[in-house]
Amino acid sequence: MPFNPERKLQLLFFTTNLFLVGFYYLHSLILIPRLLAERKIVPYTGTILALLGLFIFIPYVYFQFVELPRPVFIQNILPPDGNTPRIIHMIPPPGNMRPNRFFFRRMAPFTFPGTIMMFLLILIISGGIKIINQWFRSERRTEEIEKEKISTELALLRSQVNPHFLFNTLNNIYSLAIANSPDTATSIMKLSAIMRYVLDDAKSNFVPLDKEIQFLENYISLQRVRLTEKSIINFTMLGNTADKHIAPLLFIAFAENAFKYGISTHQHSVIDIHLNVADTYLGFTVANQKFQNNQAGPDNTGIGINNTKRRLELIYHNKHSLLIENNANSFLITLTLDLV
């Protein structure tokens, strides 16, 4: 078969490229997970160097076994008269010069640097892609863990708020029943609506704003029943609440705090609750007086407000503002947040 240099070089390129493809998957699927990730630096480095040496010697081995034509030297012979045409005579090279070595010596200086650069390029690419994919998987896993943690924490916070609120409301209805008040039945119906909202709707991460406001109005109505003429409750709402959503049970802790510490049976007391809704903005304020006889006791822990602050931080992180002014004789809460 006649010698075809182009075909021989194509076979060499195919062999080296096949080695590089195999090295890519070997490095990314085996060496990095099983050696580098396990911090087995010495075996990892040794394997890489061994593969580099093998890859470098592929052209060496190849040209040792591929049959190449013996190179020839051309000798010009000029006759003595100088008038006849020149005779060209081809002679073989010296006997001690093997053809493969002759060709290899010409190829080695050019293939050696390129071989190392190609190997290192595949090493960097395969390692970089593997590390980036591993980083993305780790980030997704961290996000999933964080979401699960937040979900669990929010469920715990809601479970702490609901019994606290229901316990106080049941005490109010119990007082009405003891006094044989005609408002007892109406209060029970409102409490039923409140419990339905707390147990069903409030399980969602977000609820329609109208339902949250209705929940707050029912709570205020229940509180009005037990108040005397000395207490004034001002509740106002401005803006369009349709098609807007909010995290459930955000207002109740602030309102409950106002009724708990801002009502007196002997002195004049005022509670102001205002809600302002814009396109993507909500403002909520609660202002009340503070009476010394309501501030004593073991229940003065502020668990409701602390839990609400934590929920705001989890749900509306960097999307809300909560200002609390706790003075000697007054308490003011101003909440603003971005609606979803």
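Nothing in this text is a laboratory measurement; each read-out follows from the coordinates by a stated rule. Predicted, not measured: the structure shown is a model, and the values here were computed from it. Using ideal geometry, Cβ is built from the backbone for each residue, glycine included, and neighbour counts are taken over all protein chains shown.
For the reader, a short list of remarks on this structure follows.
- Inter-probe distance in nm under a simple model that places probes 7 Å from Cα toward Cβ, at R140 and S204: 2.9 nm
- Normalised contact order of the stretch 181-338, rounded percent, pairs of Cα under 8 Å and 6 or more residues apart: 20 percent
- Approximate spin-label separation R196-V225, in nm, with each point projected 7 Å along Cα-to-Cβ: 1.7 nm
- Compared with the direct C-alpha span, the chain from K211 to Q267 gains 16.8 nm at full extension, assuming 0.36 nm per residue.
- Theoretical FRET efficiency, 1/(1+(r/R0)^6), r = Cβ-Cβ of N133 and I305, R0 45 Å, to 0.05: 0.50
- Legend: residue pairs K244/K319; K203/K319; K147/K203; K190/K319; K290/K319; K230/K309, Cα-Cα distance threshold 27 Å; pairs beyond threshold, K190/K319; K290/K319; K230/K309.
- For the stretch 193-332: rounded, prolate or oblate by the Cα gyration tensor [a/c cutoff 1.5]: prolate
- Sites S330 and T186, calculated FRET efficiency, Cβ-Cβ separation with R0 35 Å, nearest 0.05: 0.65
- Label positions at L323 and L54, each projected 7 Å from the Cα along the C-beta direction, are separated by 7.1 nm.
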